[in-house]
1. Checking residue 172 against (1) touching a His at 6+ places or on another chain (Cβ under 9 Å); (2) on the phi > 0 side of the Ramachandran plot, which test does it fail?
2. Select from segment 292-309 the residues that are within 24 Å of residue 328 (Cβ to Cβ) and either out of contact with any Gly (no Cβ under 8 Å at 6 or more places or on another chain) or part of a helix (DSSP H, G or I) (or both) and list them in ascending order.
3. How many of the residues making up segment 126-151 are closer than 26 Å to residue 65 by Cβ and within 16 Å of the ligand (Cβ to nearest atom)?
4. Of the conditions (1) open to solvent by 60 Å² or more (accessible area, probe 1.4 Å); (2) part of a helix (DSSP H, G or I), residue 222 fails just one. Which one is it?
5. Pairs under 7 Å by beta carbon, first residue basic (Lys, Arg) and open to solvent by 50 Å² or more (accessible area, probe 1.4 Å) in segment 232-258, partner within 15 Å of the ligand (Cβ to nearest atom) and in a helix (DSSP H, G or I), six or more apart or different chains?
6. Restrict the check to segment 195-204 and report whether at least one residue is within 16 Å of the ligand (Cβ to nearest atom) and in a helix (DSSP H, G or I).
7. Is it true that some residue in segment 87-107 is of a type in the set (D, E, K, R), assigned to a helix (DSSP H, G or I), at pLDDT 95 or above and out of contact with any Cys (no Cβ under 7 Å at 6 or more places or on another chain)?
8. Name the residue that is least open to solvent (accessible area, probe 1.4 Å), counting only residues in segment 103-125 that are within 16 Å of the ligand (Cβ to nearest atom) and out of contact with any strand residue (DSSP E or B) (no Cβ under 6 Å at 6 or more places or on another chain).
Amino acid sequence: MLNTIGVIGLGVMGSNIALNMASKYEQVAVYNYTRDLTDKLVQKLEGQTVTPYYDLEAFVQSLEVPRKIFVMVTAGKAIDSVIHSLAAFLEEGDIIMDGGNSHYEDTERRYDELKSKGIGFLGIGISGGEVGALTGPSIMPGGDKDVYEKAAPILTKIAAQVESEPCCVYIGPKGAGHFVKMVHNGIEYADMQLIVEAYTFLREKLGLSVEDIADIFETWNQGELKSYLVEITAEILRKKDDVTGLPLINVILDKAGQKGTGKWTSIQSIDNGIPTSIITESLFARYISSLKEERVMAETILAGPDKDQQSLDKDMWVEYVRQALYMGKICAYAQGFTQYKMTSRQYNWNLPLKDIALIFRGGCIIRAQFLNVISEAYQEKPSLTNLLLSPYFAKKIKDYQYGLRKVVSKGIQAGIAFPCLSASLTYYDSYRTGTSNANLLQAQRDYFGAHTYERSDLEGVFHTNWQ
Ligand code: 6PG
């Protein structure tokens with residue numbers, strides 16, 4: 001009996017995707033360049049319909065036609081070498097699916113290369129980490145629609161399901177799927193940093209214990225902040241260190257890593273004139289955190305403000321922090337979805353913003369109740385210019401901006417760094433300002449560079465001899 005799908009790359013993600021497919025009654029062929037990972041997966045099998053292969057040609061020949069091969073290897077050159085090795089055995093109409101965190105421009109190149117050989121190529125964003133891969137990720141497939149349709153029966157089966165709907169929808173042509181995943185990660189970075197800043201205020205300004213803060217996050221997770229990241233934060237804060245018995249969070253080194261997808265999101269937005277200040281500040285926060293040794297030294301030299309001894313009403317300020325976090329999220333998602341909208345127009349992708357929000361409701365790292373509201377906003381007005389302008393969010397922000405302003409100003413007076421909360425407030429205040437002071441910038445540019453300027457009262461382009 002021929003296998004219905006093949007998986008190449010048996011790291012944790014690839015193995016779990018293969019097991020997920022088998023759990024949905026697919027006949028899965030698996031292959032890894034080194035046999036150790038193949039053997040490791042085989043040892044885990046308990047009757048699942050997964051067949052290991054140690055020869056690439058045999059792996060390919062075991063697949064029903066048109067062959068569907070899901071590649072889960074590290075983004076970059078590894079994908080190209082897998083595609084190169086496969087090309088020798090594939091026939092016109094076969095399909096390669098890249099489920100790694102590939103850069104969408106690489107995906108566009110691979111799509112073109114394979115298209116010229118009649119091979120279908122889908123660049124597929126997969127979100128949800130190891131658990132998601134096994135139990136149901138959010139799946140963001142991009143490529144030719146007819147090629148997607150051939151893989152859709154399997155992809156929609158292995159995806160997370162929300163209200164009996166798969167968190168998998170055709171995203172758009174060529175690199176669109178990997179682009180949507182990239183910005184998902186940019187939003188993820190911002191979301192995570194906003195949570196860190198809320199935690200920082202509660203811990204450093206309100207002086208709450210790790211356990212108290214865990215209780216607060218758990219309570220928030222029952223309401224409109226219900227989300228995977230808020231939920232795991234409560235769990236993380238409750239985790240005790242096996243060695244000391246103290247909260248594990250207290251002994252984790254404060255140097256953040258990153259694999260690059262958040263950076264790509266910022267670079268693409270800067271290259272294309274899209275304001276993603278909150279996403280970019282979350283990236284810079286990771287960079288500054290990596291300067292640990294320098295920060296320890298700087299702390300001995302650079303003084304902060306005098307300690308403010310004023311005691312704060314805990315319940316009132318916890319609510320301010322909740323409002324601040326929610327408003328920060330709205331602003332960060334507004335920036336991410338604006339990046340979708342502007343890039344979709346640039347590439348003529350016609351990204352389905354409503355559906356993207358829908359498939360983010362389950363499986364992915366940024367899954368949250370809040371995405372229902374975002375999807376409804378685009379349902380009501382598909383041409384919505386900015387998420388902030390949707391009636392629901394405009395009203396919510398009108399109420400919650402007070403909390404954000406209180407937390408940011410109180411925290412900044414206390415010398416606490418709030419890169420994303422303050423960037424959220426600045427983005428909001430800049431975006432809602434009809435007449436700004438960028439005219440002074442224009443005057444400065446014209447003064448020293450004769451770069452000219454427009455006038456608000458006359459048509460045309462002007463230059464002034466300022467000296
Ligand atoms: C996901 C995650 C995942 C990401 C890791 C590491 O959607 O499942 O975003 O794709 O690669 O979380 O990301 P960083 O190392 O860049 O934080």
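1. Of (1) touching a His at 6+ places or on another chain (Cβ under 9 Å); (2) on the phi > 0 side of the Ramachandran plot, only one is false for residue 172: (1).
2. Here is the first cut: in segment 292-309, the residues within 24 Å of residue 328 (Cβ to Cβ) are 295, 304-305, 308.
Correct list: 295, 308.
3. Filtering segment 126-151 down to residues closer than 26 Å to residue 65 by Cβ leaves 126, 139, 141-151.
From the residues that got through so far, the ones that are within 16 Å of the ligand (Cβ to nearest atom) too are 126, 139, 141-142.
Summing the residues that are closer than 26 Å to residue 65 by Cβ and within 16 Å of the ligand (Cβ to nearest atom) in segment 126-151 gives 4.
4. (2)
5. 255/289
6. Restricting attention to segment 195-204, the residues satisfying the condition of being within 16 Å of the ligand (Cβ to nearest atom) are 195-196.
In the following step, the residues that additionally are in a helix (DSSP H, G or I) were identified as 195-196.
Scanning segment 195-204, I find at least one residue that is within 16 Å of the ligand (Cβ to nearest atom) and in a helix (DSSP H, G or I), so the answer is yes.
7. There is at least one residue in segment 87-107 that is of a type in the set (D, E, K, R), assigned to a helix (DSSP H, G or I), at pLDDT 95 or above and out of contact with any Cys (no Cβ under 7 Å at 6 or more places or on another chain).
8. Taking segment 103-125 as the starting set, the residues that turn out to be within 16 Å of the ligand (Cβ to nearest atom) are 103-104, 106-107, 123-125.
Pick out the ones that are also out of contact with any strand residue (DSSP E or B) (no Cβ under 6 Å at 6 or more places or on another chain) and you get 103-104, 106.
Values: 103: 35, 104: 6, 106: 53 Å².
My answer is 104.
The values are calculated or read from the model by the stated rules, or taken from the named source; none is laboratory data. The structure displayed is predicted, hence computed values, not measured ones. We place every Cβ from the backbone using ideal geometry, glycine too, and count neighbours over all the protein chains shown. When the accessible area is computed, the model is the full protein with side chains, heavy atoms only, and any ligands, DNA or RNA have been set aside. Shrake-Rupley method; radii C 1.70, N 1.55, O 1.52, S 1.80 Å.
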